[in-house]
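A.B. asks: Input: one structure, supplied below.
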């Protein structure tokens, strides 16, 4: 009588593998795109982030009053992360905009900061006094000459604005590019001297 063939262990494992096919591994969905920890899926968040970027640009230009207005719009958006950031910058802008009567600026930078603060709240005479002190203390500081030029524009003094802006650009060439996009210099937009100074490649102006 023929003996029944006993399957080997390897054939058993093969049959088991045939009986139980491997399951497909399901990958988790990709996380939503983020920027600095802020999710960008919601178009309202994208709009809120755009406002925040614009506010920061104004903040870095030390236009604190305008920056605060934009930051307050950010506070109305849906992203808590952006609201927290905006609240922090609003606190800083409010500190920078406070009249400094109780303070006694001594260094060039302190006079400069006070001058910019006075500009932001429209106190032109106080701003000029502080910026003049800053310029006297640091005659080679390009940002002080730049601020003086902006103040001259805001008060309608074209000749002085051009003179101060020219010095600021001579001290630091990047100021030429800043002035091209700075709305404080709108007063000079129609002045051919302004065009020559900011766009020397067009006018053949050596500066």
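A.B. asks: For the stretch 108-203, what is the largest minus smallest coordinate of the Cα atoms on each principal axis, given in angstrom and ordered from greatest to least?
C.D. replies: For the stretch 108-203, the Cα extents along the three principal axes come out at 38, 25, 20 Å.
A.B. asks: How high is the relative contact order of the stretch 37-97, given as a whole-number percent (alpha carbon pairs under 8 Å, six or more residues apart)? Kindly include the intermediate steps, with their values, before the conclusion.
C.D. replies: Numbers: 67 pairs, mean separation 21.4, N = 61.
Reported as a whole number, the value is 35 percent.
A.B. asks: Please state the relative contact order of the stretch 108-203 as a whole percent: Cα pairs under 8 Å, 6+ residues apart? Working shown, then result.
C.D. replies: Values: 108 pairs, mean separation 19.7, N = 96.
Taking the mean separation of contacting Cα pairs over the length of the stretch 108-203, I get 21 percent.
None of the figures in this text is laboratory data; all of them are computed from the coordinates on show. Treat the numbers as computed from the prediction; the structure is a model and nothing was measured.
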